[in-house]
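Comments concern the structure below.
The values are calculated or read from the model by the stated rules, or taken from the named source; none is laboratory data. Predicted model, so just to flag it, every value in this text is computed and none were measured. Ideal geometry is used to build each Cβ from the backbone, glycine not excepted, and the neighbour counts take in all protein chains shown. Just the protein is used for accessible areas: all its heavy atoms, side chains included, with ligands, DNA and RNA removed. Shrake-Rupley method; radii C 1.70, N 1.55, O 1.52, S 1.80 Å.
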Amino acid sequence: QDSREGYRDMEQFIAALEDEKLQSLLETAIRGKGAFRRFKDVLHLYPEAQQAWFKFRDEHLAERMAAWFEEHEIDVTFV
């Protein structure tokens, strides 16, 4: 994935959060240079949200991978 997709994933994750304080912290964290590092640093302070992020990110990455394989007519079986 490229950084634009990763950034979009962070934005979507933040928008889906119910914790307004965490949402605000993360929105601030992703502004400007170093956004990915600051995002991870904030999530490190919120272990449950961090685990939710990992799940969210992995699911979105898997969806993009599946779409890429399909687009290139590659049949893949994961074990």
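Of all residues assigned to region 40-49, at least one qualifies as being open to solvent by 80 Å² or more (accessible area, probe 1.4 Å) and under 17 Å from residue 3 (Cα atoms).
Selection over region 30-39 of residues that are buried (at least 16 other Cβ atoms within 10 Å of the Cβ) and not aromatic (Phe, Trp, Tyr) gives a count of 3. Cβ-Cβ distances below 8 Å connect the following pairs, each with a first residue in region 10-29 that is under 19 Å from residue 55 (Cα atoms), a second residue that is open to solvent by less than 80 Å² (accessible area, probe 1.4 Å) and among the polar types (S, T, N, Q), and a separation of six or more residues or different chains: 14/23; 15/23; 17/23. Of all residues in region 41-70, those that are under 16 Å from residue 15 (Cα atoms) and charged (D, E, K, R) have Cβ atoms under 9 Å from Cβ atoms of residues that are open to solvent by less than 100 Å² (accessible area, probe 1.4 Å) and at pLDDT below 95, 6 or more apart or on another chain, in 57/6.
If only residues of region 50-59 that are closer than 16 Å to residue 18 by Cβ and among the aromatic types (Phe, Trp, Tyr) are counted, the one that is most open to solvent (accessible area, probe 1.4 Å) is 56. Is it true that residue 62 is loosely packed, with under 14 Cβ neighbours inside 10 Å, out of contact with any Gly (no Cβ under 6 Å at 6 or more places or on another chain), modelled with pLDDT under 95 and not aromatic (Phe, Trp, Tyr)? So residue 62 passes the test.
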